[in-house]
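Here is the structure we will look at, set down as structure tokens.
The values are calculated or read from the model by the stated rules, or taken from the named source; none is laboratory data. Please read all numbers here as calculations on a predicted model, not as lab measurements. Cβ coordinates were reconstructed from backbone atoms using ideal geometry, including for glycine residues, and neighbour counts include every protein chain displayed. SASA here: full protein model, heavy atoms, side chains in, ligands and nucleic acids out. Shrake-Rupley method; radii C 1.70, N 1.55, O 1.52, S 1.80 Å.
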Amino acid sequence: MRLTSVLRSLRGSWREHFDCGGRDVARWFPGHMAKGLKDMKNRLRSVDCLLEVHDARIPLSGRTPQLQEALGIRPHLLVLNKMDLADLTHKQRILEHLEQQGCRHVLFAECLKDENVKKVVPLITELIKSSPRYQRAENVESCIMVIGVPNVGKSSLINSMRRLHLRKGKASLVGATPGITRAVLTRIQVSEKPLMFLLDTPGVLSPQIPSVETGLKLALCGAIRDHLVGEDVIADYLLYTLNQQQQFSYVEHYGLDSPCDDVESVLKNIALRLGKTSRLKILTGTGNLTVTAPNYNAAAFDFIQTFRKGLLGKVMLDPVQ
């Protein structure tokens, strides 16, 4: 009841816009991605279908335009992974927006579980068969290129498909840090009947991220390395987003008194609650004084990671209503 009354009093007091501060997003594009993008485009003509994996929390943002231009010449399936972390209240509206962008074949999935992944091979097989390029008399195998921005679960999807169809373990490295896959790898078999191979590829961001806020969405989902953007900036954007969507589970999770729109105050309370502090000596006119200082970077890191694990509720970072 107390939190409800506090929320009523705070309604309308949140920031209407996030101050992006004129940040330069060009430096968020690591140099090795340019080579990966070139290698992928060179191999596009040798594949039968493109399997694009993206984060379900940003279904409309951050997909690489340099790869979009190739989607029209090959069958294409878009898998929106991490659906368990996304608010899919307006799922139908998302699908309508994607269709306007040219994505007619979309599958929501949670690649750490195999349930929806079962649909991937049949969907790809049907897409290839209905393609004008379909000539399989002399070649019964299919080669699929897996594309997408970093850390959206491409390798997890490949490993899940292998578990389902081949009863085999990991063939591709999995990690929560963007940049695990650095090169276009050799083919990985994921199915026997039909005979299907996948090419795992490095996660590639667009060299021209369209806006700072798009970059912040990608960073919040882990597609851009935290240190390139700054944990404090990502944490502030996370707080702004949660308050805008009236997703106040962070208050209970961290034992705060009430929701707050000031990131410094929130991080201070998180640091003190988690014991992420350090003892500092301060020189004064009367002698040395030892004080306890909150570790804001450690608190920001915990705040961001707690969100990425889904412990602060389901969100949709793209406006779809």
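Each of Q189 and L228 was given a label point 7 Å from its Cα along the Cα-to-Cβ line. The distance between the two points is 3.6 nm. Counted residue by residue at 0.36 nm each, then reduced by the alpha carbon distance between them, the extension gain from Q244 to E141 reaches 32.2 nm. Computed with a 1.4 Å probe over protein heavy atoms only, the accessible surface of segment 184-246 comes to 34 Å² per residue.
Between S258 and E115, the contour length at 0.36 nm per residue exceeds the Cα-Cα span by 47.6 nm.
Scaling the Cα radius of gyration of segment 190-255 by the globular reference 2.2 N^0.38 Å produces a ratio of 1.64. Residues in segment 148-155 carry Karplus couplings, in order, of x, 6, x, 6, 9, x, 4, 5 Hz; the curve used is 6.51 cos²θ - 1.76 cosθ + 1.60 with θ = phi - 60°, and Gly or Pro positions show x.
Overall, the accessible surface of segment 249-296 at a probe of 1.4 angstrom is composed of carbon and sulfur to the extent of 48 percent. Cα convex hull, segment 213-321: 118 Å³ per residue, rounded to a whole number.
Under a point spin-label approximation (7 Å from Cα along Cα-to-Cβ), what is the S278-N297 distance to one decimal in nm? About 0.7 nm, to one decimal. Largest to smallest in accessible area, the residues R63, R163 fall in the order R163, R63 (1.4 Å probe, all protein chains included).
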